[in-house]
Amino acid sequence: MSSPTPATEDIQTILAEHLHLEGPLLPILHALQEAFGHIPKAAHPLITDALNISRAELHGVISFYHDFRDKPAGRHVLKICRAEACQSMGGTVLAEATLAKLGVAWHGTTPNGAVTVEPVYCLGLCACAPAAMLDDRVLGRVDEERMGKLLAEAGA
Amino acid sequence: MKIFVPMDSAAKALGAEEVVAALRAAAPEAQIIRTGTRGMIWLEPLVEVEIDGVRHGYGPASPEDVADILNGTSPKALGPVEALDWMARQTRLTFARVGVIDPLDLADYEAHGGLVGLRRALEMAPEEIVAEVTTSGLRGRGGAGFPTGIKWKTVQEAKAPQKYIVCNADEGDSGTFADRMIMEGDPFTLIEGMVIAGLSVGATRGYVYLRSEYPDAIAVMRRAVEIARRAGVLGKDVLGSGRAFEMEIRVGAGAYVCGEETSLLNSLEGKRGVVRAKPPLPALEGFLGRPTVVNNVISLATVPVIFEKGAQHYADFGLGRSRGTVTLQIAGNVARGGLFETAFGITLGEVVHDLAGGTATGHPVKAVQVGGPLGAYIPVSGFNAPLGYEELDAHGGLLGHAGLVVFDENADMLSMARFAMEFCAVESCGKCTPCRIGAVRGVETIDRIRQGDGEAVPLLRDLCVTMKDGSLCALGGLTPLPVESVLDHFADEFLPRREAAE
């Protein structure tokens, strides 16, 4: 997940690509986060101008959704499912052990910046629980050994 | 040699990509076709090899099994896949093609009955299309079970310059994965269903609001829409009929409440996903204030088969007012988990003991949560309940999206009740006070019970009533359901006998 310093032109280009859509704000925010790893502060006035919405409205939307970040995450994002099906297969123990091993709390990033750990409520992998996702890679029947390997791969 | 390997994310999560790499290395001349999953997740990755025109299964396969699979000596051979008990016992209507075809091959889709329904609908008047859906008895598969035909009729009769079809693909309930499976395994059927919906109500634009937690489904759906557009299934001139329908995939942003239709519409418009009061119904004032059909993925994906085989054929399956098939998703602590499509009416016990084969851990079953995080925990004593909308209701349950999560005897039921409240506190949109604040107080009250304070029980029950009565949507309104079911059925676990008896 790269986080180059966002240039105004790059932000404007992303905005221009989406303004024709009906309800363009979420697609814009996703595109900005895809490009910069977070929603840069510098984009806020450009978005509010382009969509004719207030700063409060924009802040309201960004802060409402779990996905949007105001600063970059670690190089990898590990999502561990906390939902019921995963709990029935020991998901809670796995999550707690992983957090303890990395020495972070939920939403925390390892000191070397390699991995950010986030809770997720269901990845649709409920018949092969417990489940997790490292960036866009889905993982089923995760145990501590497999988690250890993954974290090592991710450089945590 | 033809080899089929699923690209469904459950198969990938269990190592399908590694198996495919090993197959390519060992048999470079073989034709490897990626499919959806058959739904037998305990057998994934399930490799199928075509022998004399019949597909033979091998699973669960690992890269080490590849050599034996290719030379026909694998101990993981299962025989012809269609003859497996799990497959043979199903009535696959909605999921007929999933696991069978290449999800992104439109010709393969057509060769298996695809587009027959749409071609038939194009010959029909809009009223006839709605009548067909009504006759089929199809009800919303997202959870509420509202008759689809009535919803379509309302939108059809509304006068407006623009109407919309919105597919609710924000399947956030734990234990449910049918939406994901069909979007990854047979995306054209959802597209076809949306086009038919558009023809019937006079909508020319559609959106699929797809949760961001499903990156594979997003990728498959986006490619399928492009392919359908190039083939003229979508666009200004649907299959040369002169009728228009265009659609787009939109990605959610991690808010569970956006699975509620009015929150979803707000989110699609670029707002906070806050619930709207009803009325006005979305059917009259939905996306951007225009008449909008909001249907779940499975409801829309079932429409093509209704038009292909006829409404009566579909309605002939089922029980009471629950017509057609239900796509059970068997999950959690089970020996055999996966998707099983069958006529309504199968009992919970049959599903858990017979189909699922009991728990994965081998310990006795304690409870099944039916219908996601807002569904009741049903104890073993309730396993004679037949699965149907009204039938489960009578047992204090909720069929919801037909996901079943099984727990063994080690489950701590008070923790599950606490989690229901905690989840509601995290995911509440904040509009209704009983949900926003009540969920937080619920967690605290359950913590008091955990510490042995029996007097907190009536308080928790009272809070549940307030949340049910005072919340606009199902999140605040149904979170009490799992909590109350724990109090009703499992109180002796955490209360001294005297309080448990009250």
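Points worth noting:
- Each residue in the stretch B:330-356 was checked for being touching a residue at least 60 places away in the same chain (Cβ under 8 Å) and more than 13 Å from chain A (Cβ to nearest Cβ), and 3 pass.
- Scanning the stretch B:360-370 for residues that are in contact with an Asp or Glu (Cβ under 7 Å, 6 or more places away or on another chain) and either at pLDDT below 95 or crowded, with 21+ Cβ neighbours inside 10 Å (or both) yields B:365, B:366, B:369.
- If you check B:246, B:269 for being within 7 Å of chain A (Cβ to nearest Cβ) and under 17 Å from residue A:20 (Cβ atoms), only one passes: B:269.
- Residues that are over 20 Å from the mean Cα position of the chain (by Cα) and touching a residue at least 40 places away in the same chain (Cβ under 8 Å), drawn from the stretch A:95-108: A:97, A:101
- Neighbours by Cβ (under 6 Å, 6+ apart or cross-chain): first from the stretch B:402-429, more than 7 Å from chain A (Cβ to nearest Cβ) and without any contact (Cβ under 8 Å) to a residue 24 or more places away in the chain; second assigned to a helix (DSSP H, G or I) and surrounded by fewer than 21 Cβ atoms within 10 Å (Cβ to Cβ): B:422/B:443; B:425/B:440
- Condition met for residue A:150 (more than 8 Å from every other protein chain (Cβ to nearest Cβ), in a helix (DSSP H, G or I) and touching a helix residue (DSSP H, G or I) at 6+ places or on another chain (Cβ under 9 Å)): no
- Evaluation of residue B:354 against the conditions (1) buried (at least 24 other Cβ atoms within 10 Å of the Cβ); (2) assigned to a helix (DSSP H, G or I) shows that the sole unmet condition is (1).
- Any helices (runs of 4 or more DSSP H) falling wholly within the stretch B:120-230 and containing at least 1 residues that are closer than 28 Å to residue B:475 by Cβ and either of a type outside the set (A, V, I, L, M) or assigned by TED's automatic domain parsing to the domain that holds residue B:377 (or both): B:148-157, B:178-185, B:187-201, B:215-230
- Meets criteria (in contact (Cβ under 8 Å) with a residue 24 or more places away in the chain, within 30 Å of residue A:126 (Cβ to Cβ) and either among the charged types (D, E, K, R) or in the same structural domain as residue B:161 (by TED's automatic domain parsing) (or both)) for residue B:304: yes
Table: residues versus (1) of a type outside the set (A, V, I, L, M); (2) in contact (Cβ under 8 Å) with a residue 12 or more places away in the chain; (3) surrounded by 15 or more Cβ atoms within 10 Å (Cβ to Cβ).
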position	(1), (2), (3)
B:441	yes, yes, yes
B:447	yes, yes, no
B:467	no, yes, yes
B:480	yes, yes, yes
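- When restricted to residues that are touching a residue at least 24 places away in the same chain (Cβ under 8 Å) and either aliphatic (A, V, I, L, M) or away from chain B (no Cβ under 12 Å) (or both), the stretch A:75-94 contains 9.
- Within the stretch B:1-20, residues that are touching a residue at least 40 places away in the same chain (Cβ under 8 Å) and within 9 Å of another protein chain (Cβ to nearest Cβ) reach partners that are crowded, with 22+ Cβ neighbours inside 10 Å and among the hydroxyl-bearing types (Ser, Thr, Tyr) with beta carbons closer than 7 Å, at six or more positions or on different chains, in the pairs B:10/B:37.
- Looking across the stretch B:2-51 at every residue that is part of a loop (DSSP other than H, G, I, E, B), out of contact with any helix residue (DSSP H, G or I) (no Cβ under 6 Å at 6 or more places or on another chain) and of a type outside the set (A, V, I, L, M, F, W, C), the one that is nearest to residue B:179 (Cα to Cα) is identified as B:39.
- Subset of the stretch B:222-256 [under 30 Å from residue B:430 (Cβ atoms) and not acidic (Asp, Glu)]: B:249, B:250, B:251, B:252, B:253, B:254, B:255, B:256
- The set of residues in the stretch B:200-231 that are within 12 Å of chain A (Cβ to nearest Cβ) and small (Gly, Ala, Ser) comprises B:206, B:212, B:217, B:219.
- Taking the stretch A:117-143 as the range and being on the phi < 0 side of the Ramachandran plot and more than 7 Å from every other protein chain (Cβ to nearest Cβ) as the test, the residues that pass are A:117, A:118, A:119, A:130, A:132, A:133, A:134, A:137, A:142, A:143.
- Residue satisfying all of: in the stretch A:6-34; within 23 Å of residue B:255 (Cβ to Cβ) and assigned to a loop (DSSP other than H, G, I, E, B); nearest to the other protein chains (Cβ to nearest Cβ) among these: A:23
- Going through (1) free of Cβ contacts under 8 Å to residues at least 40 places away in the same chain; (2) over 30 Å from residue B:423 (Cα atoms); (3) under 24 Å from the mean Cα position of the chain (by Cα) one by one, residue B:198 falls short only on (1).
- Scope the stretch A:43-57; condition outside any helix (DSSP H, G or I) and surrounded by fewer than 14 Cβ atoms within 10 Å (Cβ to Cβ); matching residues: A:52, A:54
- Residue within the stretch B:44-59 that is within 12 Å of another protein chain (Cβ to nearest Cβ) and on the phi < 0 side of the Ramachandran plot present: yes
The values are calculated or read from the model by the stated rules, or taken from the named source; none is laboratory data. For clarity, every value in this text was computed on a predicted model and none was experimentally measured. Don't worry about glycine lacking a Cβ; one is built from the backbone with ideal geometry, like all the others, and counts go over all protein chains shown.
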